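Everything below concerns the one structure shown next.
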Amino acid sequence: MGEVSRFWREAVHRYRLVGHRCGNCERTYFPPRDVCPVCHRDSVGKMKEFELSGKGTIESFTVIHEVPSPFVRQRPYILAIVKLDEGPSLTAQIVDVDPGEVEIGKRVSAVFRKIAQQGSSGIIQYGYKFVLD
Amino acid sequence: MSDVYIVGAGETKFGELWERSLRELAVEAGLRAIENAGVYSRDVEVLYGSNSLAGIINGQENIGGLLSDFSGIAENNIPAIRIEASTASGGAAVREAYHAVKSGEFDLVMVGGVEKMTDVFGSELIDLTSSVLDREWEAFFGATPAALAAMSARKYMADFNVEKDAMAMISVNDHFNASKNPDAQYKNKLTLEQALNSVAVAEPLNMMDCSPVSDGAAAVLIASENYMKKNKLEGVRIASSAEAQDYLALHSRKSLYTLESAKVASRKALESAKIKIDDISFAEIHDSYSIYGLMELEDLGFAEKGKAKDLVYEDIKIDGRIPINPSGGLKAKGNPLGATGVGQFVEAYRQMKGKAGERQIKDAKYAMLHNMGGSGSISVVHIVGGE
Ligand SMILES: [Zn+2]
């Protein structure tokens with residue numbers, strides 16, 4: 001679903017893990033947001049891009065068996081919420097590992113991978129996944 | 001300002017209703033509510049349609065227009081719009097009706113919730129239902145509603161040392177109650193063993209931890225005290241209404257197993273009704289996944305965080321201390337997204353009128369109804385009952 005522009009719009013943030021830092025309170029956010037939820041209008045125009053290290057810790061994870069259509073060929077896959085060392089958490093797959101080895105608290109690093117192929121358009125999307133350290 | 005009453009309620013059977021269309025379901029529920037109330041549709045001043053995904057599942061937007069037209073009231077030229085708040089659309093639509101009547105602007109408002117999910121199936125449907133999440137930062141990476149609930153569940157189980165049994169008991173209770181509800185999708189009782197041995201959907205959640213794919217519609221008529229008395233109707237009062245929001249994406253929230261939206265909405269609804277959580281006689285909660293049942297029992301105020309497991313074996317039963325989901329809940333009555341929250345009102349209305357048959361709760365004074373959107377980004381809480 002969707003046009004090509006929907007996919008390249010966020011590409012830089014997904015390819016290089018670029019988030020935002022609030023110039024008012026120095027809090028960090030990923031994905032990027034134009035308004036800091038703490039500083040509100042005081043943050044407007046002060047949200048600065050910054051690149052995350054891609055290092056983090058698994059907060060929780062699941063092995064998905066009933067998958068959405070763009071991910072049918074990857075079934076089953078491991079999805080996690082990863083807390084990045086800079087503060088923000090994100091949702092991403094954990095790859096190159098047996099599900100039995102994944103645990104809450106394990107250290108992970110971001111890698112650049114193919115995410116999914118859209119059914120009708122055939123567009124291949126790229127972004128971050130994570131591997132165990 | 002007027003007191004607000006439910007003066008009529010009706011719903012279709014929930015289930016995989018292959019032969020029924022979106023509009024047929026909605027009209028059937030609406031007519032049942034009209035018939036039940038004993039009013040005429042010409043008296044309806046506003047129509048709120050609640051629906052979550054008809055645009056992408058059925059290719060049909062403009063739900064307000066569709067419902068008004070096929071309910072036969074197009075020539076009344078009343079306002080008819082759709083209220084969309086993801087899977088909390090039903091509760092949100094009743095809330096708008098509540099405000100419309102409470103303000104004194106209108107005397108009789110119809111709310112019709114409908115979802116026709118079986119027009120799409122399998123991985124295609126999972127992709128569409130994932131649009132209630134953050135498409136760009138959750139679903140893009142392979143997240144589904146079940147996957148997010150599963151990650152809440154794993155963290156919850158680890159931090160509070162809770163076994164899968166406690167979650168499964170939410171589904172066992174739902175199925176037992178649904179076996180006594182003629183409108184429910186499932187009539188089979190579920191044993192703990194069956195629940196624990198069903199196939200994995202998103203580990204640690206099994207199929208029996210997940211609400212099904214459902215078609216269905218539900219409708220209620222919301223009226224002012226004046227209209228009710230003038231027409232000699234016997235309604236059930238809506239004591240209060242509250243709604244609260246949280247971050248859209250689960251990964252942005254402070255805790256993976258705390259539903260701030262449910263906490264805030266429950267607290268506000270209780271305050272506004274001037275009652276305490278112990279005054280609640282029973283609750284319908286949004287257990288689209290069994291783990292949400294545990295989290296909601298805690299965040300709505302029925303148990304301390306991590307302690308819902310102490311309620312699920314006895315207290316939540318229909319004859320227990322705090323009966324939960326007498327209707328059969330989302331797991332077993334069914335979860336036709338836009339209709340689900342309105343269906344909770346149908347159940348509360350029947351319970352309060354003593355018309356709930358074999359699942360009747362005795363002497364219920366107040367009911368709490370909790371309808372949730374996405375993975376917890378929206379909660380709508382209503383308290384029904386009282387004088
Ligand atoms: Zn800030």
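The values are calculated or read from the model by the stated rules, or taken from the named source; none is laboratory data. This is a predicted model, so every value here is computed, not measured. When we count neighbours, we look across all protein chains shown, and the Cβ atoms used for this are built from the backbone with ideal geometry, even at glycine. Heads up: the accessible areas ignore ligands, DNA and RNA and are worked out on the full protein's heavy atoms, side chains in. Shrake-Rupley method; radii C 1.70, N 1.55, O 1.52, S 1.80 Å.
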List, largest first, the extents of the alpha carbons of the range A:1-107 along their principal axes, each in whole Å.
-> 45, 37, 20
Based on the Cβ-Cβ distance of B:Asn188 and B:Asn161, what FRET efficiency does E = 1/(1 + (r/R0)^6) give at R0 = 25 Å, to the nearest 0.05?
-> 0.20
For B:Asp134, what accessible area in Å² do you get when you roll a 1.4 Å probe over the heavy atoms of the protein chains, rounding to the nearest 10?
-> 30 Å²
Loop-located chymotrypsin sites (Phe, Trp or Tyr not before Pro) in the range B:1-35 whose Cβ has at most 15 other Cβ within 10 Å (DSSP) | B:Trp18
Taking only the alpha carbons of the range A:53-132, what extent do you get along each of the three principal axes, in Å, biggest first?
-> 38, 26, 18
Take the alpha-carbon centre of the range B:282-325, take the same for the range A:77-133, and report the distance between them in whole Å.
-> 33 Å
Rounded to 5, percent antiparallel among DSSP beta bridges of chain A | 95 percent
dims of the range B:92-152, Cα set, principal axes, largest to smallest, nearest Å -> 47, 27, 20
Going through A:Lys55/B:Lys254; A:Lys83/A:Lys114; B:Lys155/B:Lys362; B:Lys116/B:Lys180; A:Lys114/B:Lys155; B:Lys13/B:Lys317 one by one, the pairs whose alpha carbons sit over 26 Å apart turn out to be B:Lys155/B:Lys362; A:Lys114/B:Lys155
Note on chain B: helices (DSSP H) long enough, at least 27 Å by alpha carbon along their axis, and hydrophobic enough, mean Kyte-Doolittle at least 0.0, are none
Loop sites in the range B:21-81: chymotrypsin sites (Phe, Trp or Tyr not before Pro), DSSP, at most 13 other Cβ within 10 Å | B:Tyr40
Among the trypsin sites (Lys or Arg not before Pro) in the range B:248-352, which ones are in a DSSP loop with at most 11 other Cβ atoms within 10 Å of the Cβ? Mind listing them?
-> B:Lys254, B:Lys274, B:Lys276, B:Arg321
Rule-of-thumb Rg ratio for chain B [Cα; 2.2 N^0.38 Å; N residues] | 0.90
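In nm, what is the difference between 0.36 nm times the number of residues separating A:Lys48 and A:Glu26 and their Cα-Cα distance?
Here the segment from A:Lys48 to A:Glu26 would lengthen by 7.0 nm.
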Contour minus Cα-Cα span, A:Glu103 to A:Arg16, at 0.36 nm per residue, comes to 28.8 nm
In this structure, the FRET efficiency calculated for A:Val38 and B:Tyr313 from their beta-carbon separation, with R0 = 30 Å, to the nearest 0.05, is 0.10
Rh (Kirkwood; distinct C-alpha pairs) - the protein assembly as shown, Å = 23.4 Å
Estimated FRET transfer efficiency when R0 is 41 angstrom, pair B:Gln360-A:Val72 (beta carbons, to 0.05) = 0.35
Label point distance in nm, A:Val95-B:Tyr40, each placed 7 Å from Cα along Cα→Cβ = 6.6 nm
